[in-house]
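Visitor: Before I ask anything, here is the structure I am working with.
The values are calculated or read from the model by the stated rules, or taken from the named source; none is laboratory data. Model, not experiment: these values are computed from the prediction. Here the Cβ is made from the backbone with ideal geometry for all residues, glycine too, and neighbour counts use every protein chain on show. Surface areas here come from the heavy atoms of the whole protein model, side chains and all, with no ligands, DNA or RNA. Shrake-Rupley method; radii C 1.70, N 1.55, O 1.52, S 1.80 Å.
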Amino acid sequence: RDLHSFPTRRSSDLPALLTVTFGFGASAFDSRFGIAARRPPALVDMPHFKGDKLRPELSDGDIAIQCCSASHEVVDRALHTLPAAVAGAATVKWSKYGFVRDRLPGDPPNASPRNIVGFRDGTNNLRGSDTKMMRSNVWVNPGDGPDWMTGGSYLVVRNLNVLVSNFLTEPLNVQEYAFGRYKVSGAPFGQKQEFAPVIVSKEPTDCHIMVANPRKPGSEAERILRRSYTFTDGFDAEIGQPLGGLFFISYQRDPRRQFISIQSRLAVHDRFTVEYPVPIGSAMYAVPPGIRPGGYAGESILA
């Protein structure tokens, strides 16, 4: 819903809140389609970060399609319908099915959901209702690049296997140190409530929340709109662990000064990122503005 800057219907009219978002990868701007000269400067090739163990078959692609819904059944129908609609013109390179964990009984009404290792995830995320921050950090503004991207955003995808068993066997204080938050409440160190302000002096400098957002001049401009999903993938007999992890996606105005800047720090200095997630897939896409009444996805570049 956050990507549709020109919604044609109210979200309450959509079946199970189904949304479909389209983006163009860097490879779509080669010589095949006649749009090579229209590649946005911000759509750079994703750099290789320390710790990456990327698999080409799980990375990149000409076109990204993200289907979201409050219903597994509805999103499954969309996921089956779209490949059928493009049969003969395109094939699926890779796909990932993720979910957001439900809140548990007794959770505060506004509590963030928990990730695969049991910590609250998304406490300090941007809010789609914050028009000012969405304009400054998520939506592409006039003059940022080619006109066809104005009102759009840039999507970054990271497919992360997480060594969950390794993390959960650590003592609770070690787990909390890695994130900089208490596991039960989600509160930052020295506080009692999840959404209480971070006290910088009480946080380890190499914990996740401080490396991701050092709370320094310029940190606000780096913030991204995260949409992170948990996934499970059966059992790996070789390592003797269930497989699962984090399907991390984010939207931003310019990935060069936002995601890439943040990830460059996380890959080297963040206690959690360095030890437990194993990146196996990575991609970046230019997401044009939402579909206008009577229009179609990508009309701003293809028309």
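Visitor: Could you calculate the contour length gain from Ser71 to Ala87, that is, 0.36 nm times the residue separation minus the distance between their Cα atoms, to one decimal place in nm?
Guide: On the way: separation 16, 0.36 × 16 = 5.76 nm, distance 2.52 nm.
Taking Ser71 through Ala87 to full extension adds about 3.2 nm, to one decimal.
Visitor: Right, another one. Please give the per residue accessible area of the chain, computed with a probe of 1.4 Å over protein heavy atoms only, in Å². Could the numbers behind the result be given before it?
Guide: Working: 15870 Å² over 303 residues.
That works out to 52 Å² for each residue.
Visitor: Also, quick follow-up: When only DSSP loop residues count, what trypsin sites (Lys or Arg not before Pro) in region 177-255 have their Cβ near at most 13 other Cβ atoms within 10 Å? Can you show the working numbers first?
Guide: Working: sites: Arg181, Lys183, Lys192, Lys202, Arg215, Arg223, Arg226, Arg227, Arg253; in loops: Lys183, Lys192, Arg215, Arg223, Arg253.
Listed in order of number, the matching sites are Lys192, Arg215.
Visitor: Would you work out the charge dipole size for the chain about its Cα centre, treating the Cβ of every Lys and Arg as +1 and the Cβ of every Asp and Glu as -1, and quote it to the nearest 20 debye?
Guide: Values: 35 positive and 30 negative charges, 150 e Å.
Around 720 debye, computed over the chain.
Visitor: Shifting gears a bit: In region 220-303, what chymotrypsin sites (Phe, Trp or Tyr not before Pro) fall in a loop by DSSP, with at most 11 other Cβ atoms inside 10 Å?
Guide: Numbers: sites: Tyr229, Phe231, Phe235, Phe247, Phe248, Tyr251, Phe259, Phe272, Tyr285, Tyr296; in loops: Tyr296.
In loop regions of region 220-303 (DSSP not H, G, I, E or B), the sparsely surrounded chymotrypsin sites (Phe, Trp or Tyr not before Pro) are Tyr296.
Visitor: Pull up the cross-link candidates among the aspartates and glutamates for Lys96, meaning alpha carbon to alpha carbon under 14 Å and not fewer than 8 places away within one chain.
Guide: Glu57, Asp60, Asp76, Asp233
Visitor: Expressed as a whole percentage, what fraction of the accessible surface of the chain belongs to carbon and sulfur atoms when a 1.4 Å probe is rolled over the protein heavy atoms? Can you show the working numbers first?
Guide: On the way: 8870 of 15870 Å².
The computed percentage sits at 56.
Visitor: On to the next question. Mind listing the Cα extents of the chain along all three principal axes, in Å, largest one first?
Guide: Between the extreme Cα coordinates on each principal axis of the chain lie 56, 47, 40 Å.
Visitor: From Cα pairs below 8 angstrom and at least 6 apart in sequence, can you work out the relative contact order of the chain, rounded to a whole percent?
Guide: 29
Visitor: Give the calculated FRET efficiency between Asn125 and Ser31 to the nearest 0.05, with a Förster radius of 51 Å applied to their Cβ-Cβ distance.
Guide: On the way: r = 39 Å, r/R0 = 0.76.
The value I calculate is 0.85.
Visitor: Highest first, please rank the peptides 119-129, 16-26 by the mean number of other Cβ atoms sitting within 10 Å of their residues. Intermediate results must be reported in sequence, preceding the final value.
Guide: Numbers: 119-129: 16.2, 16-26: 19.6.
Per-residue mean Cβ counts within 10 Å order the peptides as 16-26, 119-129.
Visitor: Okay, next question. Considering only Phe167, Pro146, Ile65, whose Cα is most displaced toward the positive end of the charge dipole of the chain, charges sitting on Cβ of Lys, Arg (+1) and Asp, Glu (-1)?
Guide: The listed residue farthest towards the positive side: Pro146.
Visitor: Which of the aspartates and glutamates could a cross-linker span from Lys202 if the Cα-Cα distance has to be under 14 Å and same-chain partners fewer than 8 positions apart are dropped?
Guide: Output for Lys202: Glu176.
Visitor: Any idea which of Phe248, Phe259, Gly218 is furthest toward the positive side of the dipole for region 203-303, if Lys and Arg beta-carbons carry +1 and Asp and Glu beta-carbons -1?
Guide: With unit charges placed on the Cβ atoms, the residue in question is Gly218.
Visitor: I would also like to ask the following. In region 176-269, what GluC sites (Glu not before Pro) fall in a loop by DSSP, with at most 15 other Cβ atoms inside 10 Å? List each step's numbers first, then the result.
Guide: Numbers: sites: Glu176, Glu194, Glu220, Glu222, Glu238; in loops: Glu194, Glu238.
Loop-located and lightly packed - Glu238.
Visitor: Now for a separate question. Expressed as a rounded percentage, what relative contact order does region 142-239 have, with Cα pairs under 8 Å and six or more residues apart?
Guide: Details: 60 pairs, mean separation 13.0, N = 98.
Across region 142-239, relative contact order equals 13 percent.
Visitor: Using the basic label-point model (7 angstrom from Cα toward the beta carbon), what is the Asp45 to Ile63 distance in nanometres?
Guide: 2.5
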